[in-house]
1. Filter the stretch 74-108 for residues that are over 18 Å from the mean Cα position of the chain (by Cα) and hydrophobic (A, V, I, L, M, F, W, C) and give the result.
2. Between G167, G158, G154, G125, which is under 22 Å from L203 (Cβ atoms), out of contact with any strand residue (DSSP E or B) (no Cβ under 6 Å at 6 or more places or on another chain) and touching a residue at least 12 places away in the same chain (Cβ under 8 Å)?
3. Out of curiosity, is T144 farther than 17 Å from T5 by Cα, buried (at least 21 other Cβ atoms within 10 Å of the Cβ) and of a type in the set (S, T, N, Q)?
4. Out of (1) free of Cβ contacts under 8 Å to residues at least 24 places away in the same chain; (2) in contact with a Pro (Cβ under 9 Å, 6 or more places away or on another chain), the odd one out for S249 is which?
5. Could you grab the pairs with beta carbons closer than 7 Å, sequence gap of 6+ or different chains, first residue in the stretch 12-30 and at negative phi, second one aliphatic (A, V, I, L, M) and surrounded by fewer than 17 Cβ atoms within 10 Å (Cβ to Cβ)?
6. In this structure, is S70 touching a residue at least 40 places away in the same chain (Cβ under 8 Å), surrounded by 18 or more Cβ atoms within 10 Å (Cβ to Cβ) and of a type in the set (G, A, S)?
7. Can you tell me which of K58, K75, K82 is without any contact (Cβ under 8 Å) to a residue 12 or more places away in the chain and more than 23 Å from L215 (Cα to Cα)?
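The values are calculated or read from the model by the stated rules, or taken from the named source; none is laboratory data. Remember, predicted model here, so these are calculated numbers, not experimental data. Note: ideal-geometry Cβ built from the backbone for every residue, glycine included; neighbour counts use all protein chains shown.
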Amino acid sequence: MFDQTLEYFLSQSQIKKRDAAEVKWSHAVNSRSRLTEALTGPTHMIEADIIMRGQDPKEPIMAHPPDTDSDITLKEWLERVKMHNKGIKLDFKSLEAVSPSVVLLDEVLVELNRPIWINADILSGPGGQARPLEPQAFFSAVRTLPTHTVLSLGWTTGWSAGTDNPGYSWAMVHVMEEICRTLKNPVTFPVRAGLLAQSFSQLTWLLQQSDRYTLTVWTGQNDKITLQDLLPYKNKFDISRIYYDLPDS
């Protein structure tokens with residue numbers, strides 16, 4: 001199954017060509033006010049974080065650790081999103097939130113004919129300190145989602161100013177490809193912009209392994225990135241295969 005994201009936005013006349021760089025993103029849409037802003041704004045994809053509420057009633061809510069509560073649940077969030085023609089990217093920081101969220105998604109998905117991306121870091125990557133989600137447990141939890149659902153599968157990463165930050169190693173991309181090889185879904189690999197210059201050979205190889213694979217370039221809030229570092233990727237790859245989830249600046 002190939003990624004249908006661009007086809008959807010083309011069919012809605014929201015973008016003019018099969019160029020993944022045309023897709024605009026809203027970030028951390030984890031509150032009612034942020035959701036209203038995203039739904040009425042010019043972005044195509046709405047990204048939000050999901051955790052289980054820290055107290056009763058225990059249910060999936062829109063929040064990013066260290067927050068433990070929110071003014072909007074996933075159920076309420078999905079009900080509002082389905083009235084609009086935006087795509088969604090749901091970012092899971094813990095395994096416990098995945099299964100109950102998939103149940104809600106299965107209920108609403110029937111009416112959601114639009115891009116649905118499910119994001120999780122499933123491997124340790126360059127400089128990564130956070131603990132990744134266990135891959136097979138994650139895949140087991142999302143197995144009932146339709147095969148056109150895009151799995152956004154990343155590495156935990158870190159970035160420090162004034163040091164040589166290592167890139168994605170050959171071992172990292174080989175393990176990731178081995179895990180993704182048998183999946184039926186389209187897969188996008190979220191990759192940190194500040195680590196791209198030193199990872200060109202590895203990520204080129206990774207994309208070459210399947211037409212189901214794309215990259216999504218993102219950046220940390222305090223990362224220093226040079227646009228020059230992105231040019232080899234822009235020149236080498238089909239423009240439909242690299243999304244740029246970067247700040248406007």
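1. Those that are over 18 Å from the mean Cα position of the chain (by Cα) and hydrophobic (A, V, I, L, M, F, W, C): M83, V103, L104, V108.
2. G167
3. No: the conditions fail for T144.
4. Here S249 clears every test but (2).
5. From the stretch 12-30, the pairs are R18/L10; D19/I239; A20/I239; A21/I239.
6. yes
7. Of the residues listed, the single one that is without any contact (Cβ under 8 Å) to a residue 12 or more places away in the chain and more than 23 Å from L215 (Cα to Cα) is K58.
Residues checked against (1) modelled with pLDDT of 95 or more; (2) more than 20 Å from Q221 (Cβ to Cβ); (3) surrounded by 22 or more Cβ atoms within 10 Å (Cβ to Cβ):
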| position | (1), (2), (3) |
| --- | --- |
| S13 | yes, yes, no |
| R18 | yes, yes, no |
| W25 | yes, no, no |
| T36 | yes, yes, no |
| G54 | no, yes, no |
| P66 | no, no, no |
